[in-house]
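Everything on this sheet refers to the single structure shown next.
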Amino acid sequence: MRTGPDAAAFTEQDVSAFFDQTMATYLNFWDSEGVLHTGIFDGEQDEDYRAAAARTSDLIAREAGIAAGAHVLDVGCGCGNFLFRLAAETAITGAGLDLSVERIKFARARLGELDLPEGSDITFWHGSATAMPFGDGVFSHVVSQDALFLVPDKPRSHREVFRVLRPGGTFAFSDFLQPRPDISARARRHVYDRVRWSSGYSLLDYQVALASAGFDVVLARSLDGQISQTYRVLGKTARSRASETGDPAARDWMLEFARSCGEIQAAIGDGEFGWGIFVARKPALRDSEAR
């Protein structure tokens with residue numbers, strides 16, 4: 001992992017507390033159903049964040065080869081939207097795991113309100129990616145959207161994913177990247193420390209880390225252009241909503257967030273922040289091992 005001299009050493013408790021404390025704010029501003037990940041936009045003029053976020057989910061599902069009957073674990077599931085989308089479209093079974101108690105409560109509440117197709121079965125668990133409450137070889141697929149970068153002990157989380165996957169199973173995810181070792185104070189403040197992110201991988205570093213955990217890497221692709229569009233759209237939305245609200249505290253938060261969105265775009269342009277998609281597979285058992 002790339003650290004740098006000014007990298008903070010955030011713990012899982014720091015990450016959990018941050019997302020618990022900020023959940024209501026993000027739901028009120030970003031998306032009332034808890035869609036909180038980066039989107040894939042249809043050109044520079046596209047400003048439909050919800051549709052862009054859905055494209056990210058669909059891309060990961062497609063690259064993972066998730067089909068009806070899959071048993072899927074979403075690590076860092078947040079409010080559960082990826083699993084809800086998969087279950088509604090593909091009739092999968094699965095589980096969501098997240099460090100945030102508040103987000104798991106929200107996901108469970110929404111699960112009770114949704115009418116998922118027959119055959120779909122979803123559960124949500126509060127817990128750590130470094131000590132998953134699941135047995136060995138349980139899942140056909142493990143997925144994640146923009147969450148694993150927050151895990152302080154990333155190699156341990158990769159080993160846990162490898163453990164809970166069936167032989168031949170697929171690990172498919174998007175994640176934020178740290179393209180270079182040295183990060184400016186500006187990027188540290190507005191990108192990393194803002195969400196309690198200590199350090200990350202470059203696109204190449206991630207492939208090495210996955211291989212070290214025993215995976216065969218199938219896909220590693222940069223999506224940097226899309227992440228810049230996400231924060232451009234969110235910054236514009238924040239400024240618009242700040243001008244409409246009568247709540248001074250909410251207006252100040254939105255304006256500060258809009259400013260951070262501008263700084264985040266600058267960090268992307270400077271090569272200090274990136275985004276990528278990865279697909280890796282756990283090797284299948286050889287005939288001699290299967291017998």
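Since every read-out is calculated from the coordinates, none of them should be taken as a lab result. Everything numeric in this text was worked out from a predicted model, so none of it was measured. Cβ: placed from backbone, ideal geometry, glycine included. Neighbour counts: every protein chain shown.
Let's see how each residue does on (1) in contact (Cβ under 8 Å) with a residue 40 or more places away in the chain; (2) surrounded by fewer than 16 Cβ atoms within 10 Å (Cβ to Cβ); (3) within 25 Å of Y231 (Cβ to Cβ); (4) not aromatic (F, W, Y):
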position	(1), (2), (3), (4)
Q13	no, yes, no, yes
L36	yes, no, yes, yes
D46	yes, yes, yes, yes
I60	yes, no, yes, yes
E63	yes, no, yes, yes
A67	no, yes, no, yes
G78	yes, no, yes, yes
N81	yes, no, yes, yes
R103	yes, no, yes, yes
Quiz item: Of everything in the range 105-140 that's free of Cβ contacts under 8 Å to residues at least 12 places away in the same chain and in a helix (DSSP H, G or I), which residue is surrounded by the most Cβ atoms within 10 Å (Cβ to Cβ)?
Solution: K105
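Please specify each residue of the range 158-185 satisfying the condition of being surrounded by 19 or more Cβ atoms within 10 Å (Cβ to Cβ), out of contact with any helix residue (DSSP H, G or I) (no Cβ under 7 Å at 6 or more places or on another chain) and not polar (S, T, N, Q).
Just the residues of the range 158-185 that are surrounded by 19 or more Cβ atoms within 10 Å (Cβ to Cβ), to begin with: 158, 160-162, 164-165, 169-179, 183.
Next cut, out of contact with any helix residue (DSSP H, G or I) (no Cβ under 7 Å at 6 or more places or on another chain) only: 160-162, 164-165, 169, 178-179.
Of everything in the range 158-185, those that are surrounded by 19 or more Cβ atoms within 10 Å (Cβ to Cβ), out of contact with any helix residue (DSSP H, G or I) (no Cβ under 7 Å at 6 or more places or on another chain) and not polar (S, T, N, Q) turn out to be E160, V161, F162, V164, L165, G169, P179.
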Practice problem: Being of a type outside the set (S, T, N, Q) and within 13 Å of F139 (Cβ to Cβ) is the filter; apply it to the range 83-101 and report the residue that is surrounded by the fewest Cβ atoms within 10 Å (Cβ to Cβ). | Solution: A95
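Got a number for residues in the range 94-127 being among the basic types (K, R) and in contact with a Cys (Cβ under 9 Å, 6 or more places away or on another chain)?
Taking the range 94-127 first, the residues among the basic types (K, R) are 103, 105, 108, 110.
In the following step, the residues that additionally are in contact with a Cys (Cβ under 9 Å, 6 or more places away or on another chain) were identified as 103, 110.
Count: 2.
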